[in-house]
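Data block below; observations after.
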Amino acid sequence: MPDQPVITRFAPSPTGHLHIGGARTALFCWAYARRTGGRFIIRVEDTDQARSSEASARGILQDLAWLGILWDEGPTLQHAGRVVGGDPRNVGPFFQSQRLATYNGVVDDMLERGLAYADFSPPEHLAAMRKAAEAAKQTFRYHPPASEIPPLAEQRRRIADGAPHVIRFRAADEPVRVADHVLGEVAFGPGEVDDFVLRKADGFPTYHFGVVVDDEKMGVTHVLRGQEHLMNTPRHVALQKALGYRTPVYGHMPLIFNDKGAKMSKRERDQSARDFVAARKLSSPPTSEIPAEVFSGWLADKKRQLGTGQLEALASALSLQLPEVSVDDFRRAGYLPEVICNFIALLGWNPGGDVEKFDMPFLAQRFDFDRIGKTNARFDRKKLLAFNGDAIASMPDADFARRWREWCAEHEPGFAAGCDDARWLLLARAVRPRAKTFRDAIRAGAFAAVPDDAVVFDPAAANKHLLAENAGGLAALARLRGALAASADWTPEALNGLVESVATSMGIGIGQVAQPLRVALTGAAVSPPLGETLAIVGRAGALARIDRCAAVFAGA
RNA sequence: GGCCCCAUCGUCUAGCCAGGUCUAGGACGCAAGGUUCUCAUCCUUGAAACCGGGGUUCGAAUCCCCGUGGGGUCACCA
C-alpha cells in the first residue's frame, strides 16, 4: 500500500463528551493526513445501542470542529459557514448503526467459509466457564474444540428459527506479529486470540468486527490510537488475515494521565465532588436536582457516577470548580482551542529541540510517527493554564476583545450585555494581563458589570483603606472626587496622572490615595490600575460610586 | 495472576535509533530578588533528573541482560 494516499480516521463512540485523550488522537490522525496530503475521516462507532446517543455524536463533532480538527469525509456538520464532512468516495454511511447490511454480508461469507460460527450458548454459560478458569488460576480463552461446533446447516437452521445467538470468529492457533510504528514490533504468542464475538445477540457488530470491516471498506491505511488498544490489535490483525484484508500501519500512543497518575476519566470529576462533599460532611443534597437516595448512594459508592447535569448542579450549588476532563469542560472554562491543540499535541509528541509553542499549520507540516513518545504523560493543568495565559497575552487587543466577547455571549451572556464597544475594549485591555482564561477575565473585570449603586464593599478592604487609623482614606476620597469631577481628560493616562497629583498635593503616598479610591470604585482592594478602572467605570459612574461609598462609611 | 508496553529534574520533555561535543538543555511549577498605586504581568537569579545491578567498550543517559517500579489489558463496552 505504500503508494496509496494516506487515509486516517478517528472513530469515536458517542457515549458522552469528547474526552481530551480522544481529542489528541483525532488531532494526530488529522495532522498525519494533512502532512502527507492524505484524507482524514470520521466514523461514529455507535454499536452500543444502550449507551450511544445522537446528541453525543453531534456534540463530539462540534467539539472537533471547535478545535479546528476538520474532517474530509464523514458525518456532515455546518461549521463556520461551510459544510464539513461528506462522502466523496462513496464509502459511507459513517455511522456504524447504518452499516448493518455490510457487516451481515461479511458474516454470511465468514460462516460459509468456516471462519466464523454461530454460538447459541447463553451468556451465563460463558460467565460460569470464565469464573471456573479464574478459580483454577488459568487464563480463560474461549476456543471450543471443533466437535462442539454444530455443522453449518444446523447453525443456519437454528438462526432461521430465531434462536438467540452470537457470531464468533474461529481463531487460528498461531502467533501474531504487529509492526507498530511507535512501539516497534510487538509479538503475541499462539492462543492469545480467542473466538471473540463478531456480532452480538442484538445483531450489531462488536467493536472489533466493525473496526476491521470498516477500515477495509473505507481504505484506512494508518491507525493511530491510544495504547489501551494495543491488546486489541492481534485480534484485528488475525481477522484481517482471515478475511484477506490489508493490514493498516498501526501506531499506539502513550496514555494521558491525571495528576494522580491514573487514566484521566470522568470519574475524576465525581471523585473530586465526592471528596469535597465528604470534607464538608454534607449528608443531604444541596440541590433539588439530585434525589436524596441517589445522593447518599453516590456518596457511599466510589464507583457510582452522577448524571452530567446533576454533577454540574452540585458543583454550582457548592461553588466548586470541577477538574476539566472533556473538551467541552475546557471550552466552558475559557481555554482557547488552539492552545488546547498545542498542549495536547505535546503530550506524547514533540517537534524536537526546544520548540513547544506551535500552531495547527505547524503540526500539519511537521507531524510524524517517528517523534511520538512511548511514555505515558500526566496532564498538567498548571502548564496548560500558563500556555493559555501566554496565548492571551500575545494576542492583539482587538482580537482578545472580540474573542472574549464571543465567549461571553456563549457562556456568560449577562456579562457583556450592556457594554458598548469602546468601553468593552478598555475593559478587555485592562483585564488581559490578569487573565489566563476567559473566565478569569470575567473575575478580573467583574467590577465593570456591577451597577454603580450595587457595589459590594469587602469588609476587610474597607476597614483597611477607609476606616483604619485616622480615616485618611475618606478624606482622600473627598479630594479625589473634586479632582475627578473637574478633570478635562478622561483617559487612563490622564487619570493615572490625576491620582498621582492628588497624592502629591496631599503630601501622602500614592497608595494612600489609590487604595481608598479602588475600594470605592470596585469594593475590593484589587483591580486594574486606577486610570483604567476609572476610564471603564466612566465619569458619572465613578462619581456615583464615590458618593455612595462615602455615604455608606460616613458614620462608621 | 496471564499477556503486553514503558522508565532523564516535582511535571511535560530534548538528548538515545547512527556511544565521546552532556560539569545533561528547554518549558511549567517552586524559591529568592527587582519593577509597580493593589492584583497580575514583566525582568533577573537559583535549587532540581539519567530507577538499581551486571555486562559490551578506551569511553554509556545513549547498546545488551537481569532486577525493581509504573502502566495497559483480559466483555455480547468501545
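The values are calculated or read from the model by the stated rules, or taken from the named source; none is laboratory data. If you're wondering where the values come from, they're calculated on a predicted model, not measured in any experiment. Note that we place each Cβ from the backbone using ideal geometry, even for glycine, and neighbour counts take in every protein chain shown.
Brief remarks on what is shown
- Exclusive hit being crowded, with 17+ Cβ neighbours inside 10 Å and assigned by TED's automatic domain parsing to the domain that holds A:Tyr335, set A:Phe379, A:Phe415: A:Phe379
- Pairs where the first residue, in segment A:7-19, is of a type in the set (Lys, Arg) and the second is within 11 Å of RNA strand B (Cβ to nearest atom), C-beta under 9 Å, 6+ apart: A:Arg9/A:Arg43; A:Arg9/A:Asp214
- Total residues in segment A:298-310, condition small (Gly, Ala, Ser) and either loosely packed, with under 11 Cβ neighbours inside 10 Å or at pLDDT 85 or above (or both): 2
- Per-region count, segment A:327-338, residues crowded, with 23+ Cβ neighbours inside 10 Å and farther than 16 Å from A:Asp440 by Cα: 1
- Here A:Thr15 clears all of (1) at pLDDT below 95; (2) more than 12 Å from RNA strand B (Cβ to nearest atom) except the condition numbered (2).
Yes or no, residue by residue, for (1) surrounded by fewer than 20 Cβ atoms within 10 Å (Cβ to Cβ); (2) within 16 Å of A:Pro337 (Cβ to Cβ); (3) acidic (Asp, Glu):
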position	(1), (2), (3)
A:Leu385	yes, yes, no
A:Ile392	no, yes, no
A:Asp399	yes, yes, yes
A:Arg402	yes, yes, no
A:Asp421	yes, no, yes
A:Arg432	no, no, no
A:Ala461	yes, no, no
A:Leu466	no, no, no
A:Gly473	no, no, no
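- Residue tally, condition touching a Lys or Arg at 6+ places or on another chain (Cβ under 8 Å) and aromatic (Phe, Trp, Tyr), over segment A:304-345: 1
- Those residues of segment A:55-74 which are within 15 Å of RNA strand B (Cβ to nearest atom) and not hydroxyl-bearing (Ser, Thr, Tyr), in sequence order: A:Ala57, A:Ile60, A:Gly74
- Screening the candidates A:Ala391, A:Ala428, A:Ala386, A:Ala409 for the property of being more than 9 Å from RNA strand B (Cβ to nearest atom), in a helix (DSSP H, G or I) and within 30 Å of A:Gly226 (Cα to Cα) yields one hit, A:Ala391.
- Residue within segment A:58-67 that is of a type in the set (S, T, N, Q) and surrounded by 15 or more Cβ atoms within 10 Å (Cβ to Cβ) present: yes
- Scanning segment A:334-361 for residues that are among the small types (Gly, Ala, Ser), modelled with pLDDT of 95 or more and more than 13 Å from A:Leu27 (Cα to Cα) turns up just one, A:Gly334.
- When segment A:87-105 is limited to residues that are under 23 Å from A:Arg34 (Cα atoms) and surrounded by 16 or more Cβ atoms within 10 Å (Cβ to Cβ), the one that is nearest to the chain's Cα centre (by Cα) turns out to be A:Phe94.
- Per-region count, segment A:120-159, residues under 41 Å from the mean Cα position of the chain (by Cα) and modelled with pLDDT of 95 or more: 0
- Options A:Ala494, A:Ala503: the member that is within 11 Å of RNA strand B (Cβ to nearest atom) and either surrounded by fewer than 16 Cβ atoms within 10 Å (Cβ to Cβ) or more than 17 Å from A:Ala462 (Cβ to Cβ) (or both): A:Ala503
- The criterion of at least 3 residues that are more than 43 Å from the chain's Cα centre (by Cα) is met by the following helices (runs of 4 or more DSSP H) wholly inside segment A:474-543: A:492-506, A:510-522.
- Inspection of segment A:240-259 identifies no residue that is more than 8 Å from RNA strand B (Cβ to nearest atom), more than 26 Å from A:Arg141 (Cβ to Cβ), surrounded by fewer than 15 Cβ atoms within 10 Å (Cβ to Cβ) and among the aliphatic types (A, V, I, L, M).
- Residues in segment A:114-124 that are assigned to a helix (DSSP H, G or I) and near RNA strand B (Cβ under 8 Å from one of its atoms): A:Pro123 alone.
- Only one of A:Leu314, A:Leu336 that is out of contact with any strand residue (DSSP E or B) (no Cβ under 6 Å at 6 or more places or on another chain) and within 18 Å of A:Ile69 (Cα to Cα): A:Leu336
- Selection of segment A:431-446 for residues being farther than 15 Å from A:Ala409 by Cα and part of a helix (DSSP H, G or I) yields A:Val431, A:Arg432, A:Pro433, A:Arg434, A:Asp440, A:Arg443, A:Ala444, A:Ala446.
- In segment A:210-221, the condition of being closer than 26 Å to A:Arg168 by Cα, within 8 Å of RNA strand B (Cβ to nearest atom) and either surrounded by fewer than 16 Cβ atoms within 10 Å (Cβ to Cβ) or in contact (Cβ under 8 Å) with a residue 24 or more places away in the chain (or both) is met by at least one residue.
- Of all residue pairs spaced 6 or more apart or on separate chains, those with beta-carbon atoms under 8 Å, a first member in segment A:126-144 that is closer than 15 Å to A:Arg235 by Cβ and a second member that is in a loop (DSSP other than H, G, I, E, B) and within 12 Å of RNA strand B (Cβ to nearest atom) are A:Arg141/A:Gly191; A:Arg141/A:Asp194; A:Tyr142/A:Asp194; A:Tyr142/A:Asp195; A:Tyr142/A:Phe196; A:His143/A:Gly191; A:His143/A:Asp194; A:His143/A:Asp195.
- Taken together, the residues in segment A:46-94 that are of a type in the set (Phe, Trp, Tyr) and touching a Lys or Arg at 6+ places or on another chain (Cβ under 7 Å) amount to 2.
- Test result for A:Glu356, over 18 Å from A:Arg269 (Cα atoms) and surrounded by fewer than 19 Cβ atoms within 10 Å (Cβ to Cβ): yes
- Residues within segment A:437-452 that are over 18 Å from A:Gly538 (Cβ atoms) and either more than 11 Å from RNA strand B (Cβ to nearest atom) or buried (at least 21 other Cβ atoms within 10 Å of the Cβ) (or both), tallied: 5
- Scan of segment A:182-192 for residues that are surrounded by fewer than 17 Cβ atoms within 10 Å (Cβ to Cβ) and either farther than 13 Å from A:His252 by Cβ or more than 8 Å from RNA strand B (Cβ to nearest atom) (or both), ordered by number: A:Ala187, A:Gly189, A:Pro190, A:Gly191
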